[in-house]
Amino acid sequence: MTQQRDRYIQIKLRERSVRLLYEICRSQRLAMADMKSVDATFVNHLFDLVENSRNWHDDTYNYQVIKLIVALNEQFMVSGISTITNKQSARKSTASASNTVLTVLRTRLNASKTFGENVIFMLNRASSLDAEDICMQLLILKLLYLLFTTKETSHYFYTNDLKVLVDIFMRELSDLPEDHESLRHTYLRVLHPLLTNTQLLTYPYKRPQIHRLLIGLTSHGHLRDISATTQRLIDRCL
C-alpha cells in the first residue's frame, strides 16, 4: 500500500509540474537564458515520457506532456524569429535551425509514433468554444506546419493519419464561428503543405470536397466581409 501511495503521489507531482511549465510557456515568452535549459536531453526525455505513458489507465499525463512539447515548440519558433530580426542579417535562416523540439523529433521519427497519434486525437476532440482548447489547437497547428514544411519530417505521419487530419481540417473550416478568424487562418496556412508536401500529393484525398469547401468560404462576399488574408490563403490552397 505504501508503494502504491508513493507512486500515486509521484505521478500527481509530475502532472502538476508539467501542467505548471505548460501554463508558463503558453502565457509568456521565456528568456533566452531559460530556453538554454531546454536542451536535447530534456526534450528527448519528454518524448520518451509520451511513449512510455501510452498504456497508462489515465491519459491525462500523456496529453499534458504533449501540450508542453508543442508549447516549447512555440517558444523556439518565437525565439528563432526574434534572433533573426535582431541580427538584421540577409543571410538565409529558418525557424527550425535552432528549434530543439524539431531537431530532436527528426532523430526519432520512428520512435515517436504515440506522439503523432495523440496529437491528431487531441486536435480532433478540441472544442472551438473553449479558450484553452483554442490555444492548444494553435500550438499543435504551428508544429504541424513545421513538420509539413521540413523535408525530413514531411512524411512523419502515416497516410491514413493524414486523411484523418484532412477530415478534421474540413470540419473546423466549415464549423468555426466567424469571430475565430485567427484560428481559421492557421488551419488554412497548414492545409496547403498538408496537401502538397506529404503523401497526399501522390495519394489525393477528398480533393473535390476540399475545393467546394474553400469556394464556399469565399462565397456570399456581398453578405459578409472576406478579409484579404483569408482570400489569399484560400487562393493558395486552390
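The values are calculated or read from the model by the stated rules, or taken from the named source; none is laboratory data. Here the structure is a predicted model, which means the values were calculated and not measured. Glycine also receives a Cβ, built like all others from the backbone with ideal geometry; neighbour counts cover every protein chain displayed.
Key figures
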read-out: Single residue of Asp235, Asp225, Asp179 found to be loosely packed, with under 12 Cβ neighbours inside 10 Å, within 21 Å of Gln137 (Cβ to Cβ), over 20 Å from the mean Cα position of the chain (by Cα) and not polar (S, T, N, Q); value: Asp179
read-out: Condition check for Leu102: modelled with pLDDT of 90 or more, over 21 Å from Val18 (Cα atoms) and buried (at least 19 other Cβ atoms within 10 Å of the Cβ); value: no
read-out: Residues that are among the charged types (D, E, K, R), part of a helix (DSSP H, G or I) and without any contact (Cβ under 8 Å) to a residue 24 or more places away in the chain, drawn from the stretch 127-163; value: Glu132, Asp133, Lys151
read-out: Some residue of the stretch 24-32 being closer than 21 Å to Asn118 by Cα and not in a loop (DSSP other than H, G, I, E, B); value: yes
read-out: Residue among Arg171, Arg189, Arg184 that alone is within 23 Å of Thr218 (Cα to Cα) and without any contact (Cβ under 8 Å) to a residue 40 or more places away in the chain; value: Arg171
read-out: Test: Thr218 is modelled with pLDDT under 95 and under 23 Å from the mean Cα position of the chain (by Cα); value: no
read-out: Residue in the stretch 127-176 that is surrounded by the fewest Cβ atoms within 10 Å (Cβ to Cβ), counting only those that are under 14 Å from Leu195 (Cα atoms) and among the acidic types (Asp, Glu); value: Asp167
read-out: Residues being closer than 17 Å to Val70 by Cβ and either surrounded by 14 or more Cβ atoms within 10 Å (Cβ to Cβ) or free of Cβ contacts under 8 Å to residues at least 40 places away in the same chain (or both) - total across the stretch 18-41; value: 14
read-out: Which numbered condition Leu21 misses (of (1) part of a helix (DSSP H, G or I); (2) of a type outside the set (S, T, N, Q); (3) more than 22 Å from Ser98 (Cβ to Cβ)); value: (3)
read-out: Out of Leu188, Leu176, Leu144, sole residue that is under 30 Å from Leu72 (Cα atoms) and at pLDDT below 95; value: Leu176
read-out: Unmet criterion (only one of (1) without any contact (Cβ under 8 Å) to a residue 12 or more places away in the chain; (2) crowded, with 17+ Cβ neighbours inside 10 Å; (3) of a type outside the set (Ser, Thr, Tyr)) for Asn197; value: (1)
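Results for (1) over 22 Å from Leu238 (Cα atoms); (2) not charged (D, E, K, R), shown as yes or no for each residue.
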residue: Ala126; (1), (2): yes, yes
residue: Met136; (1), (2): yes, yes
residue: Leu147; (1), (2): no, yes
residue: Glu172; (1), (2): no, no
residue: Ser182; (1), (2): no, yes
residue: His192; (1), (2): no, yes
residue: Leu195; (1), (2): no, yes
